[in-house]
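The values are calculated or read from the model by the stated rules, or taken from the named source; none is laboratory data. Keep in mind it's a predicted model, so treat the numbers as computed, not measured. Cβ placement follows ideal geometry from the backbone for every residue including glycine, while neighbour counts extend to all protein chains displayed.
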Amino acid sequence: MASRRDLFNSFTKPLRQNQEEDIPLLIRPPYGKDESIFQSECPSCESKACVASCDEKIIFISDDGTPTLDFSKNGCTFCDECANVCEKDILSLKNIDTSEKLNAMFKISLEGCVAHHGVICYSCKEPCIDDAILFNGMFNPIIDEDKCTGCGFCMPRCPVKAIDYVVLELKENKE
């Protein structure tokens, strides 16, 4: 017998699916220009050299033919190799801001994080070379958005998968 929650979820499921399909959550490799250039230029690239150049194996080609990042196993080291091999100069080291970040903002779930429930856990803090994950005592980690580069190394290290991200709009590089 189905619960009331299941009944109400069945009514809203089509709405949630449409919202998810309208807004793809694509994190772009570093040093990218605006989203329209990814959409117009990347699908016609035959080499897909950015994928092969990534030592961390986090770049893959999405269904629309554009490169995106997958943080399920690793993060981005900002090694510049994807930009060095980009034949169409979509990923470019020219005129980059030294505080370059990925187009993602990471968040720690208050409900899901075991540290927020009194368990000593520093799994997310350990791989963060930017010291962007701060703790209030031994508990209550938060991500300092000013320090976070969006590298994503914290995400696969969380034992309870309490870290997620929000995709930010790419800003056009000024050349």
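Here are the numbers for this structure:
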item: Top-ranked residue in region 135-175 [being polar (S, T, N, Q) and not in a loop (DSSP other than H, G, I, E, B); ranked as farthest from the chain's Cα centre (by Cα)]; result: 136
item: Listing of helices (runs of 4 or more DSSP H) fully contained in region 21-134 that carry 1 or more residues being closer than 23 Å to residue 166 by Cβ, over 14 Å from the mean Cα position of the chain (by Cα) and of a type in the set (Asp, Glu); result: 35-41
item: Boolean, residue 35 is closer than 30 Å to residue 133 by Cβ and at pLDDT 95 or above; result: no
item: Failed criterion for residue 118 (all others in (1) in contact with a strand residue (DSSP E or B) (Cβ under 8 Å, 6 or more places away or on another chain); (2) surrounded by 14 or more Cβ atoms within 10 Å (Cβ to Cβ) hold); result: (2)
item: Within region 128-142, considering residues that are closer than 22 Å to residue 31 by Cβ and in contact with a Lys or Arg (Cβ under 7 Å, 6 or more places away or on another chain), the one modelled with the highest pLDDT; result: 132
item: Residue 68 modelled with pLDDT of 90 or more, among the β-branched types (Val, Ile, Thr) and on the phi < 0 side of the Ramachandran plot; result: yes
item: Search result, residues across region 59-82 that are in contact with a Ser or Thr (Cβ under 6 Å, 6 or more places away or on another chain) and charged (D, E, K, R); result: 81
